[in-house]
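The structure appears right after this line, and notes come after that.
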Amino acid sequence: MSRINTNVASQIAQRVLGQNNKSLNSTLERLSTGLRINRGKDDPAGLIASQNLRAEKAATQTAISNAERADQVVNIAEGGLDEVSGLLNELQALVTQTANTAGLSQEEKEANQLQIDSIIQTIDRVASSTSFQGLKLLNGNLDYTTEGVDANVGSFQVNGAKLNFQGTRDVEVVVTGSAQVAGFFLSFGASDLNLGGAASDDGAGSRFVVEIAGSRGARELSFASGTSLNDIVAAVNSFTEVTGVKATASGTGLNLKSTAFGSDEFVSVRVVDAGSLNTAQATAGVYKFEAADTNTASTAGADRTLFSAANNKITDLGQNVSATINGIVATTKGTVARINTDFLDVEINLKSGTGSGAEAQRLGALTAFTITGGGADFQLAGRVDIAGKVSLGVQNVQVRNLGRSVDESGNTYFLADISAGSDLNVVNGDRSKAQDVIGAAIKEVASLRGRLGAFQKNTIGATIRSLGIAAENTAAAESVIRDADFATETAELTRSQILSASAQQILSLANQQPQSALQLLG
């Protein structure tokens with residue numbers, strides 16, 4: 001059948017040629033861009049998936065950059081703290097040197113004090129000048145701000161806290177067990193030591209000889225008949241720094257207590273010679289304290305040991321506080337309770353005289369304080385939420401805040417108190433307390449450096465490694481969906497080129513076909 005007006009074969013060839021050219025153009029576009037999906041119509045579902053993966057990859061790569069930036073910030077802070085550590089070691093040496101009073105002239109002591117003053121000023125200068133892009137790192141700018149501190153909280157430190165949307169977090173404490181000192185009550189039955197009879201020629205029974213030991217060491221003391229309680233207390237307390245045990249007079253006896261709280265503390269009593277005290281006084285002996293009150297001797301018979309039966313040493317141990325903080329069971333030592341979680345890292349000293357005994361914590365619940373802001377927040381995950389944020393507190397290391405030390409009288413000292421004219425200066429001040437302050441400062445700086453180091457090694461290091469793997473896997477997943485397979489596309493290119501050329505040839509033949517109808521006209 002021959003027609004001129006409608007060339008169906010040509011239309012078919014044109015359609016096929018158009019399809020082949022479209023396929024060829026698509027293949028050329030994929031090969032030139034390297035992408036299988038260049039626009040939504042190429043693969044709508046694949047485009048959505050690949051765009052999501054691209055967004056995740058971009059966020060992950062930025063989180064890696066954030067972690068590297070955090071590492072740089074901590075490096076600068078660590079450099080400042082390293083210098084402060086060296087200066088504190090110099091202070092330690094100067095205080096120890098000046099304590100050698102018989103070997104130093106007044107001028108040398110004053111020269112040492114000048115060096116100490118210079119070091120103190122330098123520590124303040126380092127704390128003020130250590131910065132990252134103008135942000136001070138060691139002057140308290142990165143510490144947390146708090147309010148509403150409960151009266152039962154002696155001191156506290158916030159090492160890390162993820163705050164809620166309002167920028168606050170309450171620190172709730174439930175004290176379930178009170179911290180206790182170790183100790184005994186020694187009853188002599190009278191205000192003066194009565195050994196019951198004259199001294200024998202060899203001295204046996206004429207003296208009360210007792211060995212008192214604590215966590216720092218032991219001393220053996222000997223007392224003659226007629227010695228007053230106050231003199232016995234003074235003798236015991238003259239060795240408190242050596243033994244870690246202090247004494248106070250109470251009625252017809254004395255309380256022996258460890259100077260610190262906790263299970264690491266103990267008081268041991270060994271009576272070497274009772275001096276007939278057991279027969280001279282009916283109430284004489286060594287008594288345990290009441291379980292919940294270290295100011296009251298127990299009246300239970302089992303809690304009393306005769307002096308003559310104490311020759312093999314009896315020991316009482318202290319007790320750590322038991323508490324939970326924000327629902328987490330705290331790790332405790334003495335009166336200090338601490339938790340370290342992803343959301344909250346705090347250390348609280350619950351030492352307070354508000355319990356049933358003068359040195360016991362009040363049992364029950366309390367809001368220790370409220371964190372109202374501050375800290376250094378680092379975004380170390382691709383998703384911006386509280387789980388992807390890491391918060392770190394960097395304490396103020398200026399001398400007015402460093403080296404907090406509380407003596408037995410309740411006086412609080414800081415590193416600034418060893419400067420000239422202050423109570424702990426080395427010329428005429430208390431050098432022993434000055435060394436305690438410096439020791440506390442060294443521990444604080446070392447602890448801060450340790451926390452920053454752990455943050456760099458474990459948090460930042462692990463984050464960079466894990467995010468790097470996540471970025472690689474995300475890129476690989478996005479590549480599978482969106483990138484062109486060149487082996488497939490080149491094969492498709494060859495096929496499309498051949499089909500396009502073939503269609504063009506067929507179209508040429510189809511366009512010539514109507515001319516055959518002219519042959520019918522003769």
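The values are calculated or read from the model by the stated rules, or taken from the named source; none is laboratory data. Here the structure is a predicted model, which is why all the values come from computation and not from measurement. Counting neighbours? That spans all protein chains shown, and the Cβs are built from the backbone with ideal geometry, glycine included. Surface areas here come from the heavy atoms of the whole protein model, side chains and all, with no ligands, DNA or RNA. Shrake-Rupley method; radii C 1.70, N 1.55, O 1.52, S 1.80 Å.
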Search result, residues across region 379-410 that are part of a strand (DSSP E or B) and out of contact with any Ser or Thr (no Cβ under 8 Å at 6 or more places or on another chain): Gln379, Lys389, Ser391, Leu392
Failed condition for Ile339, given (1) open to solvent by 70 Å² or more (accessible area, probe 1.4 Å); (2) within 40 Å of the chain's Cα centre (by Cα): (1)
Residue count for region 272-288, restricted to those that are at pLDDT 80 or above and either over 27 Å from Ser225 (Cβ atoms) or assigned to a helix (DSSP H, G or I) (or both): 0
Whichever residue in region 147-174 is open to solvent by 50 Å² or more (accessible area, probe 1.4 Å) and within 28 Å of Tyr413 (Cα to Cα) and, among such residues, is nearest to the chain's Cα centre (by Cα): Gln157
Pair list, Cβ < 8 Å and 6+ apart or interchain, from region 415-429 residues that are touching a residue at least 24 places away in the same chain (Cβ under 8 Å) to residues that are small (Gly, Ala, Ser) and outside any loop (DSSP other than H, G, I, E, B): Leu415/Ala441; Ile418/Ala434; Asn425/Ala434; Val426/Ala434
Residues of region 293-332 that turn out to be of a type in the set (Gly, Ala, Ser), within 30 Å of Glu347 (Cβ to Cβ) and open to solvent by 60 Å² or more (accessible area, probe 1.4 Å), as a count: 1
Residue among Leu35, Leu104, Leu53, Leu87 that alone is surrounded by 14 or more Cβ atoms within 10 Å (Cβ to Cβ), out of contact with any Cys (no Cβ under 6 Å at 6 or more places or on another chain) and free of Cβ contacts under 8 Å to residues at least 12 places away in the same chain: Leu104
Residue match in region 35-42 (condition: of a type in the set (Val, Ile, Thr) and either at pLDDT 80 or above or assigned to a helix (DSSP H, G or I) (or both)): no
Residues being touching a strand residue (DSSP E or B) at 6+ places or on another chain (Cβ under 6 Å) and open to solvent by 50 Å² or more (accessible area, probe 1.4 Å) - total across region 373-421: 3
Pairs, first at positive phi in region 313-338, second among the polar types (S, T, N, Q) and not in a strand (DSSP E or B), C-beta under 7 Å, six or more apart: Gly334/Asn320
Residue match in region 496-503 (condition: open to solvent by less than 40 Å² (accessible area, probe 1.4 Å), of a type outside the set (Val, Ile, Thr) and not in a helix (DSSP H, G or I)): no
Unmet requirement for Lys109, which otherwise passes all of (1) assigned to a helix (DSSP H, G or I); (2) within 28 Å of the chain's Cα centre (by Cα); (3) crowded, with 16+ Cβ neighbours inside 10 Å: (2)
